[in-house]
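Worksheet for the structure shown next.
The values are calculated or read from the model by the stated rules, or taken from the named source; none is laboratory data. Not measured: the values here are computed from a predicted model. Don't worry about glycine lacking a Cβ; one is built from the backbone with ideal geometry, like all the others, and counts go over all protein chains shown.
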Amino acid sequence: LRFLTAGETHGPQLTTIIEGLPSNLELDFEALNFQLHRRQKGYGRGRRMQIEKDTAQILGGVRHGYTTGAPIALVVQNNDWKHWQNIMNVEPIEGNDEAKRRVHRPRPGHADLNGGLKYNLKDLRNVLERSSARETTVRVAVGAIARQFLAQFGVKVAGQVIRIGEIEAPAHNLPIDELIERTEASSVRVVDEETEKKMEAYIDEIKKEGDSIGGVVECIIEGLPVGLGSHVQYDRKLDGRIAQGVMSINAFKGVEVGIGFEAGELRGSQVHDEIMYSEERGYYRATNRLGGFEGGMTNGMPIVIRGVMKPIPTLYKPLQSVDIDTKEAFTAQVERSDACAVPAASVVMEHVVTWEVAKAFLEKFGGDSMEEIHANYQNYLKQL
Ligand code: EPS
């Protein structure tokens, strides 16, 4: 199972091809678009999200509502492109730097300068157009299909915001369905209304100061069997693969599994989850501090992953940088951006983690059709 994406933030569309999905998976297009819609929401988003109304268009690999086993071609159009048609034209255009909206002043914290030097590009727009977090739209689309695949096996995925800057959401122990419902109703994807209000006010304050703010998000996946991923080889450890996926999301600077970095402060007896057994549950753990993983494999407990997003580096409060033409110092110009995209990042991380899990699921129960995978899965459950 694999996918690639292509497309620029102000180009005509984002494109992806997904290969390796089985045949006979029923797709719910409304549910797919609902996930895209979730990513667009969240308190602190900028004006661009008022322009876009992300909708997946499937152009191959699906017929009469079911996958055929052929690669899936999927695109999401950029409404904003109509304002950029000339600037983003694939054909050469006449005009000066201004007409081309050439970027020669790299923004600190973005890919601009490194990408320009690496690819020998004198127009840093060629870097920023692709490095934009707009690309996460199709990563959510891909993950939304993976989510529908896993749902066929009773797997549920939830996400929540744990922190925005100084404001931390209080811990809770809600069942996953309630967590999904409550976070969906929240502008900042938390379960607690008081925290929501505090976070909104905090984002307003940050915005007023011309600044931006990051945060911590969490993804929980329930209903997975023991044994996805493997201890036998470094690149088959599923927690490692998830970590790579999370770190590849724009602006993410860290990832934790279960209690994560807190494990460095505690004793072994305070960290490890004791093994229990009951007739109806089989083996289970008394606690879930290790976030559903031991030995790079799922242990049957819910997967719990956290990721940290840095504040978005496009600031209304300019930072110091250097012009690549003149090598003179300047303070970056003001650009349209989001003051806080942490709630959206929570939706993105859900889908990135779901994709990695679906991939490991297919590796374990591999088959070319849903029927074959169901049979393999049932057989494994019997073995367990
Ligand atoms: C982004 C900059 C902004 C965001 C964008 C990510 O876009 P623009 O440059 O058009 O104002 O709105 O996010 C999205 C478009 C999106 O769909 O999430 C960036 O530089 O990463």
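Brief remarks on what is shown
- All positions within segment 1-16 that are more than 14 Å from the ligand (Cβ to nearest atom), surrounded by 18 or more Cβ atoms within 10 Å (Cβ to Cβ) and either among the hydrophobic types (A, V, I, L, M, F, W, C) or not in a strand (DSSP E or B) (or both): LEU1, PHE3
- In summary, GLY116 fulfils each of the numbered conditions (1) within 16 Å of the ligand (Cβ to nearest atom); (2) touching a residue at least 24 places away in the same chain (Cβ under 8 Å); (3) not in a helix (DSSP H, G or I) with the single exception of condition (3).
- Qualifying residue in segment 222-235 (condition: within 21 Å of the chain's Cα centre (by Cα) and within 16 Å of the ligand (Cβ to nearest atom)): no
- Any hit, segment 11-20, residues being more than 19 Å from the chain's Cα centre (by Cα), free of Cβ contacts under 8 Å to residues at least 40 places away in the same chain and within 29 Å of ASN376 (Cβ to Cβ): no
- Any hit, segment 252-267, residues being within 16 Å of the ligand (Cβ to nearest atom) and either modelled with pLDDT of 95 or more or among the small types (Gly, Ala, Ser) (or both): yes
- Residue list for segment 157-199, filter: of a type in the set (Lys, Arg) and surrounded by 18 or more Cβ atoms within 10 Å (Cβ to Cβ): ARG163, ARG182, ARG189, LYS198
- Hey, GLU30 away from the ligand (no atom under 16 Å from the Cβ), acidic (Asp, Glu) and either over 23 Å from LEU362 (Cα atoms) or outside any loop (DSSP other than H, G, I, E, B) (or both) or not: yes
- The residue list LYS41, LYS53 contains one member that is within 24 Å of the chain's Cα centre (by Cα), within 23 Å of GLU350 (Cβ to Cβ) and surrounded by fewer than 14 Cβ atoms within 10 Å (Cβ to Cβ), which is LYS53.
- One residue stands out in segment 299-346 among those that are surrounded by fewer than 18 Cβ atoms within 10 Å (Cβ to Cβ), in contact (Cβ under 8 Å) with a residue 12 or more places away in the chain and among the aliphatic types (A, V, I, L, M): the one that is nearest to GLY42 (Cα to Cα), namely VAL334.
- Yes/no for GLY143 being within 15 Å of the ligand (Cβ to nearest atom) and surrounded by fewer than 19 Cβ atoms within 10 Å (Cβ to Cβ): no
- A Cβ distance below 9 Å, combined with a sequence gap of six or more or placement on separate chains, defines the contacts here; from segment 38-55, residues that are under 25 Å from ILE180 (Cα atoms) and more than 8 Å from the ligand (Cβ to nearest atom) reach residues that are modelled with pLDDT under 90 and not in a helix (DSSP H, G or I) in the pairs GLY42/ASP338; GLY44/ASP338.
- Residue among GLU98, GLU129 that alone is closer than 27 Å to LYS41 by Cα and either free of Cβ contacts under 8 Å to residues at least 40 places away in the same chain or under 23 Å from the mean Cα position of the chain (by Cα) (or both): GLU129
- When the test is whether a residue is closer than 25 Å to ARG107 by Cβ and of a type outside the set (Val, Ile, Thr), SER131 passes it.
- Residue ID - surrounded by the most Cβ atoms within 10 Å (Cβ to Cβ), chosen from residues in segment 71-109 that are part of a strand (DSSP E or B) and within 13 Å of the ligand (Cβ to nearest atom): VAL76
- Checked against (1) within 16 Å of the ligand (Cβ to nearest atom); (2) over 22 Å from the mean Cα position of the chain (by Cα); (3) among the hydrophobic types (A, V, I, L, M, F, W, C), VAL138 passes all but a single condition, namely (2).
- Answer residue from segment 307-333, given it is of a type in the set (A, V, I, L, M, F, W, C) and modelled with pLDDT under 95 and is nearest to the ligand (Cβ to nearest atom) among those: ILE312
- Filtered by the rule that a residue be within 16 Å of GLU26 (Cβ to Cβ) and either within 16 Å of the ligand (Cβ to nearest atom) or surrounded by fewer than 15 Cβ atoms within 10 Å (Cβ to Cβ) (or both), segment 56-68 gives ALA56, ARG63, HIS64, GLY65, TYR66.
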